Amino acid sequence: MEINKENQLNTEIIKKRGRKPNPKPVNNPPTEVLHPLWLSVSEAAKISGVGSKTIRRAIEAAHIKFKIVNNRYSINLVSLITFLLKKTKLRNKFFQHGLGQYVDKWKE
């Protein structure tokens, strides 16, 4: 109840002074992707600019999200990119040889 009274007082003060409330738009990114993209190990290696052995090491260490479909790994693209951006060496490979080299062209 106290919060409602306080809000009423604040709105009354704003109305008396002739100010209009300026609500700021809230941009909350989604916490989860509705339809994630799943890649094979070779596709993930090509997109990221690293070798397939690096991707398999990340899977074994549980650094990226994956699922097994028909005895093959399917890797979540979002978790792959977050993994690549955490380590400097992988980030550089991603931006020089992988998908990251095209980011500047997308911004234009």
**Q.** Total residues in the stretch 36-48, condition part of a helix (DSSP H, G or I) and not hydrophobic (A, V, I, L, M, F, W, C)
**A.** 4
Q: For the stretch 61-82, indicate whether the set of residues that are surrounded by 10 or more Cβ atoms within 10 Å (Cβ to Cβ), of a type in the set (Ser, Thr, Tyr) and at pLDDT 95 or above is non-empty.
A: yes
Q. Quick check: is even one residue across the stretch 17-34 surrounded by 10 or more Cβ atoms within 10 Å (Cβ to Cβ), at pLDDT 60 or above and in a loop (DSSP other than H, G, I, E, B)?
A. yes
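Condition check ((1) in contact with a Phe, Trp or Tyr (Cβ under 6 Å, 6 or more places away or on another chain); (2) without any contact (Cβ under 8 Å) to a residue 24 or more places away in the chain; (3) not charged (D, E, K, R); (4) not in a helix (DSSP H, G or I)) across all residues:
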position	(1), (2), (3), (4)
Val50	no, no, yes, yes
Lys53	no, yes, no, no
Ile59	yes, yes, yes, no
Ile75	yes, no, yes, yes
Leu90	no, no, yes, no
Val103	no, yes, yes, no
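The values are calculated or read from the model by the stated rules, or taken from the named source; none is laboratory data. Everything numeric here is computed off the predicted structure, so don't read it as measured data. Backbone-built Cβ (ideal geometry, glycine too); neighbour counts: all protein chains shown.
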